[in-house]
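Asker: Take a look at the following structure, please.
The values are calculated or read from the model by the stated rules, or taken from the named source; none is laboratory data. This one's a predicted model, so the numbers in the text were calculated from it and none came from an experiment. All Cβ positions, glycine included, derive from the backbone under ideal geometry; neighbour counts span all protein chains shown. Quick note on the areas: whole protein, heavy atoms, side chains included, nothing else; ligands and nucleic acids left out. Shrake-Rupley method; radii C 1.70, N 1.55, O 1.52, S 1.80 Å.
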Amino acid sequence: MTLAIIGGTGIEQLEGLETVSSHRVDTPYGEPSRAVDEGRLGGARLFFLQRHGSPDAIPPHSINYRANIWALRELGATDIVAINAVGGITPAMATGSLVIPHQLIDYSWGREHTFDEGAGGQLLHIDFTEPYDPELRRALLDAAAAASVDLIVGAVYGVAQGPRLETAAEVDRMERDGCDVVGMTAMPETALARELGLAYASVSMVVNPAAGRSSEPITLEGMRAILSAGAAQVRALIRELVALRYSG
Ligand code: HPA
């Protein structure tokens with residue numbers, strides 16, 4: 001099994017990864033967000049891709065999700081852990097928490113969302129009842145326990161189109177629908193990984209209260225400050241996951 005990490009907002013590099021090469025991959029869907037780093041971490045070989053490119057410029061609705069997932073599979077990744085920044089909707093989703101979602105609702109639109117283009121190709125009616133891989137989620141929980149990292153286990157991720165943030169009424173509707181957190185990048189990434197048979201799970205960091213859940217304005221600077229404060233936790237979690245599941 002080979003792990004790839006997809007970094008989100010504020011995760012430019014995977015610290016501690018000794019990069020051995022950098023792959024520019026051309027895919028049938030165009031180019032990934034940037035070159036994929038290949039490196040070693042604690043004795044395991046793994047890949048890292050920043051989905052917003054470098055320096056962090058591609059907005060969520062313009063990311064070439066198909067090229068990203070295709071490139072990682074092409075390079076030999078079997079498992080993907082995605083890092084996502086999200087807003088907290090329900091009271092338990094406090095700012096600064098790390099969350100392992102178990103479900104999602106897709107409110108995004110107009111994105112290239114499948115490898116199934118008809119035209120005589122393979123029909124890809126994937127089973128998406130459980131969008132996140134249960135075994136990989138369990139491995140993340142084991143890793144968190146071993147690394148003494150606090151996690152919220154289970155949340156419904158609502159995928160907004162962006163790039164603007166939501167209105168308070170949109171967040172209220174998401175809460176009525178059952179969403180716990182809101183972000184912009186879980187889809188179509190999660191479904192595309194399933195279409196290619198890759199195991200996929202998300203580590204979502206709550207970086208702000210969602211719209212209407214706090215009197216403070218939501219700013220990118222505020223989100224980045226929370227992300228950099230929490231980056232050490234994410235790093236510890238990934239390091240332990242690699243030790244438990246991908247080494248030797
Ligand atoms: N909404 C949507 N996406 C986000 C948010 C939010 O509040 N915070 C981080 N990504």
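Asker: Which of the trypsin sites (Lys or Arg not before Pro) found in the stretch 14-69 are loop residues per DSSP with 15 or fewer other Cβ atoms within 10 Å of their Cβ? If you can, show how the numbers build up before the last one.
Answerer: Values: sites: ARG24, ARG34, ARG40, ARG45, ARG51, ARG66; in loops: ARG24, ARG34, ARG51.
Loop-located and lightly packed - ARG24.
Asker: Also, I was wondering about something else. Based on the inverse mean of 1/r over its pairs of different Cα atoms, what is the Kirkwood hydrodynamic radius of the stretch 1-85, in Å?
Answerer: On the way: mean 1/r = 0.0790 Å⁻¹.
Result for the stretch 1-85, one decimal place: 12.7 Å.
Asker: Give the accessible surface of the stretch 1-105 per residue, rounded to a whole number of Å², with probe radius 1.4 Å and ligands, DNA and RNA excluded.
Answerer: Numbers: 3910 Å² over 105 residues.
The answer is 37 Å² per residue.
Asker: Under the rule of -39500 (n - 2.57) per DSSP H run of 4 or more residues, summed and divided by the residues of the chain, what mean residue ellipticity at 222 nm is obtained, to the nearest 500 deg cm²/dmol?
Answerer: Values: 5 runs with 67 residues, N = 248.
Helix contribution divided over all residues of the chain: -8500 deg cm²/dmol.
Asker: Let me ask you something else. Could you size up the charge dipole of the chain around its Cα centre, putting +1 on the beta carbon of Lys and Arg and -1 on that of Asp and Glu, and report it in debye to the nearest 20?
Answerer: On the way: 19 positive and 31 negative charges, 69 e Å.
That gives a dipole near 340 debye.
Asker: Calculate how large, on average over all directions, the projected area of the Cα convex hull of the chain is; give the answer in nm² to one decimal. Mind showing how you got there, number by number?
Answerer: Values: hull surface 50.6 nm².
Average of the hull's projected areas for the chain equals 12.6 nm².
Asker: Another question, then. State the percentage of accessible surface on the chain attributable to carbon and sulfur atoms; use a 1.4 Å probe and exclude ligands, DNA and RNA.
Answerer: Working: 5510 of 10870 Å².
In the chain, the share of accessible area belonging to carbon and sulfur is 51 percent.
Asker: With a point put 7 Å past each Cα toward its Cβ, work out how far SER54 is from ARG173 in nm, to one decimal.
Answerer: Reported label-point gap for SER54 and ARG173 is 3.9 nm.
Asker: For the stretch 102-152 and the stretch 173-191, what is the separation of their C-alpha centers, rounded to whole Å?
Answerer: First find each Cα centre; the distance between them is then 12 Å.
Asker: For GLU18 and ARG45, compute 0.36 nm times the residue count separating them, minus their Cα-Cα distance, and round to one decimal in nm. Walk me through the numbers before you get to the answer.
Answerer: On the way: separation 27, 0.36 × 27 = 9.72 nm, distance 0.95 nm.
Between GLU18 and ARG45, full extension yields 8.8 nm more.
Asker: Rank ALA169, HIS102, ALA225 by how far each Cα sits towards the positive end of the charge dipole of the chain (+1 on Lys, Arg Cβ; -1 on Asp, Glu Cβ) and give me just the farthest.
Answerer: ALA225
Asker: A follow-up question, please. Any idea what the relative contact order of the chain is, in percent, if you count C-alpha pairs under 8 Å spaced at least 6 apart?
Answerer: Relative CO of the chain lands at 27 percent.
Asker: Out of all DSSP beta bridges in the chain, what portion is antiparallel? Express it as a percent rounded to 5.
Answerer: Numbers: 15 of 43 bridges.
Counting DSSP beta bridges with both partners in the chain, the antiparallel share is about 35 percent.
Asker: Moving on to the next point. Of the chain, which part is the longest with no chymotrypsin sites (Phe, Trp or Tyr not before Pro) in a loop (DSSP not H, G, I, E, B) and with at most 14 other C-beta atoms within 10 angstrom? Numbers along the way, then the final one.
Answerer: On the way: sites that count: TRP109, PHE128.
The segment 129-248 is the longest one with no such site.
Asker: Excluding ligands and nucleic acids, what accessible area in Å² is computed for SER215 using a 1.4 Å probe, to the nearest 10?
Answerer: Rounded to the nearest 10, that gives 120 Å².
Asker: Counting Lys and Arg as +1 and Asp and Glu as -1, each charge on the Cβ, what is the dipole of the stretch 140-239 about the Cα centre in debye, to the nearest 20? All intermediate terms of the calculation are to be shown ahead of the outcome.
Answerer: Numbers: 8 positive and 12 negative charges, 50 e Å.
So the magnitude is around 240 debye.
Asker: At 30 angstrom or more along the helix axis (alpha-carbon based) and mean Kyte-Doolittle of 0.5 or higher, what helices does the chain contain? Whole DSSP H runs only. Intermediate values should be presented prior to the final figure.
Answerer: Details: long enough: 220-245 (35 Å, 0.73).
Span-like helices in the chain: 220-245.
Asker: P(r) tail for the stretch 20-64, what percent of Cα pairs lie past 14 Å?
Answerer: Numbers: 525 of 990 pairs.
Here the long-distance tail beyond 14 Å is 53 percent of all Cα pairs in the stretch 20-64.
Asker: Something else: Please report, in debye to the nearest 20, how large the charge dipole of the stretch 5-97 is about its Cα centre when each Lys and Arg carries +1 at its beta carbon and each Asp and Glu carries -1 there. Each step should come with its number before you reach the end.
Answerer: Numbers: 7 positive and 10 negative charges, 36 e Å.
Computed about the Cα centre, the dipole is about 180 debye.
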